[in-house]
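Below: the structure, in structure tokens.
The values are calculated or read from the model by the stated rules, or taken from the named source; none is laboratory data. Just so you know, these numbers come straight off a predicted model, no measurement behind them. All Cβ positions, even for glycine, are placed from backbone atoms using ideal geometry, and neighbour counts span all protein chains on display.
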Amino acid sequence: MQKYITVFVIFLFALSCNNEPQKPEQVATETPTAETTPRKKQKTVLFFGNSLTAGYGLEEDQSFPSLVQDRIDSLGMEYTVVNAGLSGETTAGGLNRVDWILKQDIDIFVLELGGNDMLRGIDINTTEANLNGILKKVKAKNPDIKIIVAGMLAPPNMGADYSREFGGIYPRLAKEFGAALIPFFLDKVGGIPELNLQDGIHPNAEGQKIVRENVWRVLKEYL
């Protein structure tokens, strides 16, 4: 147990035509073609996070957002997945960056931030305020957008009070914004050496597959 806790602590702390009008009879008798039939609009799922979302140290197609896209494609769903992960991103950085991200149309917004704040010892209230600000901007842009909050946990050596307060940020955000919650984004991956890169921090290709399943269990209900 002590070995697992040590690895978990290390893991958590090392944490981008024709315009001519048709005659009535033409409209009634013409058969639609691939060119004239309107295509169904693709919806967008956007993952907004740090290096864990970006897929640090892996090929692009090995990151969990790419694996989610593969799953969506295999099911014939009309969704495009956007990986908006940025290595080193804090909640303050995310609050500044989200305005640019929101220039595109987004149907489902998945928020994965906060781990780097913990590493830097940023005040918990500040972290929560930044995450709250991000989600307020998202809702202001599109009140009907679907939001998923990816929860994170603090390491045991930071104390029971800190761990409880930090972990409590994500359920509170989900409740306030009517969002779905992934209780622990790195469940069954964090702190397990064989599922992470040599740095002991970022999920490897096999770990990314498990993260994909953690995300999919919640995301599938929104598609």
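Quick check on my filter: what residues within the stretch 138-165 are among the basic types (Lys, Arg) and closer than 21 Å to Ile182 by Cβ?
Hits for the stretch 138-165 are Lys139, Lys146, Arg164.
Within the stretch 142-198, which residues are in contact with a strand residue (DSSP E or B) (Cβ under 8 Å, 6 or more places away or on another chain) and polar (S, T, N, Q)?
Residue satisfying the conditions is Asn196 alone.
Show the residue pairs meeting these rules: Cβ distance below 6 Å; 6+ apart or different chains; first residue within the stretch 101-115 and within 13 Å of Leu131 (Cβ to Cβ) and at pLDDT 95 or above; second residue part of a strand (DSSP E or B) and not hydrophobic (A, V, I, L, M, F, W, C).
Final answer for the pair search is Glu112/Gly49; Leu113/Gly49.
Out of the residues in the stretch 81-100 that are in contact with a Gly (Cβ under 9 Å, 6 or more places away or on another chain) and assigned to a helix (DSSP H, G or I), state the one that is farthest from Leu58 (Cα to Cα).
Among residues in the stretch 81-100 that are in contact with a Gly (Cβ under 9 Å, 6 or more places away or on another chain) and assigned to a helix (DSSP H, G or I), the one farthest from Leu58 (Cα to Cα) is Leu95.
Name the pairs: first residue in the stretch 164-176 and more than 16 Å from Val110 (Cα to Cα), second residue among the aliphatic types (A, V, I, L, M) and part of a helix (DSSP H, G or I), Cβ to Cβ under 8 Å, at least 6 apart or on different chains?
Taking only residues 6 or more apart or on different chains, the pairs are Glu165/Ile124; Phe166/Met118; Phe166/Ile124; Phe166/Met158.
I need the full set of residues from the stretch 45-78 which are outside any helix (DSSP H, G or I) and acidic (Asp, Glu), in order please.
Glu59, Glu78
For Asn96, work out the one condition from (1) modelled with pLDDT of 95 or more; (2) touching a helix residue (DSSP H, G or I) at 6+ places or on another chain (Cβ under 9 Å); (3) of a type outside the set (Gly, Ala, Ser) it doesn't fulfil.
(2)
Would you mind stating whether Gln26 is modelled with pLDDT under 95, among the polar types (S, T, N, Q), farther than 30 Å from Lys209 by Cβ and surrounded by 10 or more Cβ atoms within 10 Å (Cβ to Cβ)?
Against the criterion (modelled with pLDDT under 95, among the polar types (S, T, N, Q), farther than 30 Å from Lys209 by Cβ and surrounded by 10 or more Cβ atoms within 10 Å (Cβ to Cβ)), Gln26 does not qualify.
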